[in-house]
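Input: a single structure, listed below in structure tokens.
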Amino acid sequence: MSAAAHQAATRGVVFIHSTPAPLCSHIAWALEGILGHPVRLDWQPQPAAPRLQRTELTWVGAAGTGARIATALRGWGDIRYEITEEPSPGVDGSRWAHTPSLGIHHSWSAANGDAVIHEDRIRSIAEQHAHDAVSLQHAIDGLLGGPWDRELEPFRYAGDGATVRWLHKVG
């Protein structure tokens, strides 16, 4: 039995908010390589960006699968995406967001979906911005992924009502 089989299963979602059409098959191949089985992606035009495509995929896998997917997609700068991984026993949930202009952002997430900022990061920015409330506010916004959320929001909205494909049940 593989090491992944011994880990607790978790699930998540890959949201490809926008990508040039020539990358669609490469994205599918990357996801298949990580998930270990064929995937069928339902590519749709992205209304917020003419000539670009969008899709969503719900996945099930071992803890850390979301990070592996984010790593695989990170090399293609023309893609806007988000990846979520739900918490599993002993492992925090995570969210990765990527935009061509901002690069990648990672945050941990609580069971209710709230972003979690670890205490050392809070202490560090509080120390760095102790005498400037405005810069402290901007630093906290950055830790929470605010710039990524603002840039991705029009692409998320354009995807409202899109279907999500479930691969199989956890456990």
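What follows is calculated from the coordinates using simple rules that are stated; it is not laboratory data. All values reported here derive from a predicted model rather than from experimental measurement. Glycine also receives a Cβ, built like all others from the backbone with ideal geometry; neighbour counts cover every protein chain displayed.
If the condition is being closer than 24 Å to His37 by Cα and among the polar types (S, T, N, Q), then the range 53-111 contributes Gln53, Thr55, Thr58, Thr65, Thr71, Thr84, Ser88, Ser94.
Considering the range 36-58, the residues that are in contact with a strand residue (DSSP E or B) (Cβ under 7 Å, 6 or more places away or on another chain) and charged (D, E, K, R) include one that is farthest from Thr84 (Cα to Cα), namely Asp42. Of all the numbered requirements in (1) touching a residue at least 24 places away in the same chain (Cβ under 8 Å); (2) surrounded by 13 or more Cβ atoms within 10 Å (Cβ to Cβ), Ala139 misses one, and that requirement is (1). Screening the candidates Gly90, Gly33, Gly61 for the property of being out of contact with any strand residue (DSSP E or B) (no Cβ under 9 Å at 6 or more places or on another chain), touching a residue at least 40 places away in the same chain (Cβ under 8 Å) and farther than 24 Å from Pro147 by Cα yields one hit, Gly90.
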